[in-house]
Amino acid sequence: MKFSQETLLRLYYDMFRIRKTQLRIESLYHLDEMKTPIHLCIGQEAIAVGVCANLNKYDYISSSHRGHGHYLAKGGDLKKLIAELYCRETGCSKGHGGSMHLVDTSIGHMGSSSIVGGGIPTGTGMALAIHMKKQNCVSVVFFGDGAADEGVLYESINFAIIKKLPVIYIYENNQFSVCSRVSARQAGEVVFHAVAPEYMFTKTVDGNTVLEVYEAAREAVLRARNGQGPSFIECKTYRVRGHAGAGSDAKLGYRSAEEIGFWESKCPVTVFCEELLKKGLITQNEIQDMEQDIDLEIDEAFRFAQESPLPKGEHILQYLFSE
Amino acid sequence: MPWSKIKPELNEPDFNNVTGKDKRIIPYADAIREALDQALSLDANVFVMGQGVDDPSGMFGATLNLHEKYGKKRVFDTPLAENGLTGIAVGAAIGGMRPVYFHNRPDFLLLAMDQIVNHASKWHYMFGGAVNVPLVIWACIGRGWGSAAQHSQALQGLFMHIPGLKLVMPATCYDAKGLMLSSIADNNPVIILEHRYNFRHKGFVPKEPYRIPIGKGIIRKPGEDITIIAASYMVSEAYNAALELSKDGIDAEVIDLRTLRPLDEELILTSVKKTGRVVVADTGWKTGGITAEISALIAEKGFASLRAPILRVACPDVPTPAGYTLEEAFYAGILEIVTAVRKLVKCKERADAKKITLK
Ligand SMILES: Cc1ncc(C[n+]2csc(CCOP(=O)(O)OP(=O)(O)O)c2C)c(N)n1
């Protein structure tokens, strides 16, 4: 597949922006001003970006506890994300959600669940709504290998196949659920061993290569838009940081520093940047300009968050029910 | 009355005081079906799903043949997968639809607690009001003919515990229709717990669509001496108990809660203020159940009005036994309510006597 320079630079920019946002969150986390559990997606940016680059504003996504990347890649408001981490009234969930519960309905992000696997059926249900309303949209469900252990995955896929729903399951296999390896929890080599390809478009890709993710997602999205039903894409990747919080967890000893190092060398952002440089599609100066733009935007978002008011205790009952 | 068949052979108590000839009397199941029929025809976003909604018995008649009228896209059978399908219903609601998800029995909802409790009930609050989940989940509490421990659980106490869920328990044919229409129109997740015994009833139901406000109860029989609080099928038992008690000269007020969440606190407290005596009756278990919650509410906010201890009528804290002799011992109803009231009213006489001698 041929990519325009504009597309390539856009993909790079989006990954770089998510990475830099994560790094800033990580570097400030020890100050304990963001009083919410964080799950960084450092090393997994290519999946969110490669998939969301195929979507438009009206398509839905479902995300999880590790959802900053999905939110930003889909076009979620950065200021509101950071404000949510600071538990401010101006946060995307008005301080009711925190890091694991992001939302931006203006771009089809209808809220992320921190119950592992919880977004799989709800994302499938959004596809049912699309199907029943005869909209030309798709619903993308991002979930991890831990979520793949849950029964709702089977239940949802089965239903999506029966109803030919426009849903795309993006399985981010980062190989761990907390400290537990996927090989200790999954019977098959690939998780859709149980779903024959004749029932659903399935594909395994290198989740650290944004163009591979992009191409597979593109096919899946086209199929969904054409009424050809659900798809399942496994993106093989790796969680280089600890499960939650900031920094590496190499000292815990459940995996080796070499293994982490190997995957760090396959960094989706750096490797892609080097390729672009090698092909002369980007220059060091352009990268610096990009970085400057991104830094300014992140500065601004943090300032916005820190200066925003905190929700008042007396409003605790607000939003229990919709009128 | 074998398990799989329930016939609308009884007239429900004449709650609505409608005896005129022009009043339309229809079976309970038909009242629900009519609500669904009207909701489906009035709003293209409404759909009905669930195991067996399109089968020959049509969910005890409540969904009978609706699939023929509205097509299998809008009235469809589902895989059993209760948790997954609840999540799918939640997602469809988030996506702008108004699903009504039917289950034969509340026992099966236990498989869907993750999606009901962790997701549906949280979505609006957790995202600061950004998203609505207009979802109705319907299930019918079983009773009798050996339903046993896993097909008869009255789980209202469990659902009442969860903020973010509305909990509706109709007692009459009129309410079964009106509350269904209100639940479908509500922008929040609503659980409707029906009771199998209500399906034995026929009652007054107007033909046109109408709604009954969620969160408001109703006085089924006014009275001065004691308040009997109930919901769902227990309202019939309470009403019949009140009629029985009136023969002894005891004037009981009967409150039908209609909705347990939001709870009509004002109606309860106003009545207790008047009568000073309360029996709370429920089809569910006693411990941690709705009788416990309502008693606590009265103790907290209406203590000054109380002239006697609150008594509760509920099922004993054991799983439902299958055998009919044991079943009979398990269920509480008119007899237990009458007994409880008599205890309290004796208590009243003593209290009055004391007052008089003190003077
Ligand atoms: C139903 C449920 N079980 C357990 C947890 C605790 N938990 C939180 S994150 C997590 C790991 C999930 O792994 P995966 O789905 O692979 O996502 P990752 O964290 O790797 O991105 C676990 C077990 C939870 N939040 N929800």
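When Lys and Arg each count +1 and Asp and Glu each count -1, what net charge do the other residues less than 13 Å away from residue A:102, Cβ to Cβ, add up to?
+2
Please list the three semi-axes, largest first and in whole Å, of the ellipsoid equivalent to chain B, using sqrt of 5 times the eigenvalues of its alpha carbon gyration tensor.
35, 22, 20
Of B:226, B:147, A:43, which is farthest along the charge dipole of the protein assembly as shown in the positive direction, counting Lys and Arg as +1 and Asp and Glu as -1 at C-beta?
Highest projection toward the positive end goes to B:226.
Distance from the Cα centre of the stretch A:225-283 to that of the stretch B:173-241, in angstrom?
Measuring centre to centre over Cα atoms gives 57 Å.
At 27 angstrom or more along the helix axis (alpha-carbon based) and mean Kyte-Doolittle of 1.6 or higher, what helices does chain B contain? Whole DSSP H runs only.
In chain B, no H run is both long and hydrophobic enough.
Placing unit charges on C-beta atoms (Lys and Arg positive, Asp and Glu negative, everything else neutral), compute the dipole magnitude of the stretch B:218-354 about its Cα centre in debye, rounded to 20.
460 debye
What size of dipole, in debye to the nearest 20, comes out for the protein assembly as shown about its Cα centre when the only charges are +1 on Lys and Arg C-beta atoms and -1 on Asp and Glu C-beta atoms?
Once rounded to the nearest 20, the dipole reads 1840 debye.
Give me the net charge for the shell around residue A:39: Cβ to Cβ below 10 angstrom, other residues only, Lys and Arg +1, Asp and Glu -1.
Charge balance near residue A:39 sits at +3.
If we count GluC sites (Glu not before Pro) as exposed when they sit in a DSSP loop and have at most 15 other beta carbons within 10 Å, what is the longest stretch of chain B that avoids them all?
B:10-223
Please compute the length gained on full extension between residue A:254 and residue A:199, using 0.36 nm multiplied by the number of residues separating them and subtracting their Cα-Cα distance.
The span from residue A:254 to residue A:199 would gain 16.1 nm if fully extended.
Quick one: longest stretch of chain A between exposed loop chymotrypsin sites (Phe, Trp or Tyr not before Pro), exposed meaning at most 16 other C-beta atoms within 10 Å and loop per DSSP?
Longest stretch, sites excluded: A:59-198.
Less than 24 Å apart at the alpha-carbon level, and either on another chain or at least 8 residues along: which lysines does that give for residue A:279?
A:2, A:20, A:266
Can you tell me, using C-alpha contacts under 8 Å and at least 6 residues apart, the relative contact order of the stretch A:5-305 as a whole percent?
Computed over the stretch A:5-305, the figure is 23 percent.
Taking a quarter of the surface of the convex hull around the Cα atoms of the protein assembly as shown, what do you get in nm²?
35.3 nm²
Picking from A:139, A:115, B:78, whose Cα lies most toward the positive end of the charge dipole for the protein assembly as shown (charges on Cβ: Lys, Arg +1; Asp, Glu -1)?
B:78
In what sequence, largest accessible area first, do A:35, B:7 appear using a 1.4 Å probe?
A:35, B:7
Please work out the C-alpha center-to-center distance from the stretch B:328-347 to the stretch A:2-59 and express it in whole Å.
Between the Cα centre of the stretch B:328-347 and that of the stretch A:2-59, the gap is 65 Å.
Where both partners of a DSSP beta bridge lie in the protein assembly as shown, what percent of those bridges are antiparallel, to the nearest 5?
15 percent
Sort the stretch B:232-303 into rounded, prolate or oblate with this rule: let a ≥ b ≥ c be the square roots of the eigenvalues of the Cα gyration tensor; rounded if a/c is under 1.5, and if a/c is not under 1.5, prolate when a/b is larger than b/c, oblate otherwise.
It is oblate, given that a/c is not under 1.5 and a/b is not larger than b/c.
Cross-link partners among lysines for residue B:202, C-alpha distance below 30 Å, same-chain residues fewer than 8 apart left out?
Of all the lysines, those that pass the test against residue B:202 - Cα under 30 Å, at least 8 places apart if same chain - are B:5, B:7, B:21, B:23, B:69, B:72, B:166, B:177, B:216, B:221, B:247, B:286.
In Å, what Kirkwood hydrodynamic radius results for chain A from the alpha-carbon pair distances?
20.1 Å is the Kirkwood radius here.
Taking amide H positions as placed in the peptide plane 1.01 Å from N, state which residues far from residue B:255 in sequence (5 or more) or on other chains have amide H under 5 Å from it.
B:220, B:228, B:229, B:230
What distance in nm lies between label points placed 7 Å from Cα along the C-beta direction at residue A:164 and residue A:134?
1.4 nm
Using a 10 angstrom cutoff on alpha carbons, build the Gaussian network for chain A and name the most mobile of A:100, A:290, A:132.
In the Gaussian network model the winner is A:132.
Using +1 on the beta carbon of Lys and Arg, -1 on that of Asp and Glu, and nothing else charged, what's the dipole of chain B about the Cα centre, debye to 20?
720 debye
The values are calculated or read from the model by the stated rules, or taken from the named source; none is laboratory data. Remember, predicted model here, so these are calculated numbers, not experimental data. Here the Cβ is made from the backbone with ideal geometry for all residues, glycine too, and neighbour counts use every protein chain on show. For accessibility, only protein heavy atoms count, side chains too; no ligands or nucleic acids. Shrake-Rupley method; radii C 1.70, N 1.55, O 1.52, S 1.80 Å.
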